[in-house]
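The structure under discussion appears below in the form of C-alpha cells.
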Amino acid sequence: RGFLLERLRFSHIAPECERLIENGAGAAFLIAFAGCPPMIDPTELKKRAIELEEGVSFGRLLDVDVLTPCGSIGRADLGMNGRKCLLCDNEAKTCARIGAHPVEELRARCEALIREAENLF
C-alpha cells in the first residue's frame, strides 16, 4: 500500500480517497481519483499501473485495475498482451481458467516474491 501511494505521489498524482478492504479472497486497496476534467487521463493511469506491475519483481503480485464511469481499461485497450503466468509463459488468465498449475506451486512462487519484496524494504 505504501509503495503504491509513494509511486503515485512521485508521479504527482494525488488520490482523493483510499480504502483497504480485506476479506477471504485477500486484500484490495481502492484508490479514487476525481476531477472534471480528470486530473489524470485514465489511459495514462493504466499505463503507469502496468509499469508498477512490471517494474519490480513483486509487482507481479499486484493487479491494478483502472475503472471509469464507462468501464474498465485493460491491457488489451492499450494494444498489449495479457499478463504472463507466474510459473510459465502462457497468459495468466488461461492458466487460471484451466487450472494449469497446482495451487502449492503458485503459493510457493508468491511467497518467494513476497520474501524478495521484504528484502527490499
* Spherically averaged projected area of segment 60-121 from its Cα convex hull (nm²) -> 5.7
* To do: Would you calculate the separation in nanometres between label points at Leu61 and Lys93, each defined as 7 Å from the Cα along the Cα-to-beta-carbon direction?
  => 2.4
* Structure fact -> To the nearest 0.05, the calculated FRET efficiency linking Cys17 and Glu111 through their beta-carbon distance, R0 being 41 Å, is 0.85
* **FRET efficiency for Glu104 and Ala32, using Cβ-Cβ distance with R0 set to 35 Å, rounded to 0.05** => 0.45
* Asked: Near Lys84, which lysines are there with a Cα under 16 Å away, not counting those fewer than 8 places off in the same chain?
  -> Lys93
* To do: Round to the nearest 10 and report in Å² the accessible area of Leu120, as given by a 1.4 Å probe over the protein chains' heavy atoms.
  => 110
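The values are calculated or read from the model by the stated rules, or taken from the named source; none is laboratory data. All values reported here derive from a predicted model rather than from experimental measurement. For neighbour counting, all protein chains shown are included, and Cβ atoms are generated from backbone atoms with ideal geometry for every residue, glycine included. Areas reflect the complete protein model, heavy atoms only, side chains present, ligands, DNA and RNA absent. Shrake-Rupley method; radii C 1.70, N 1.55, O 1.52, S 1.80 Å.
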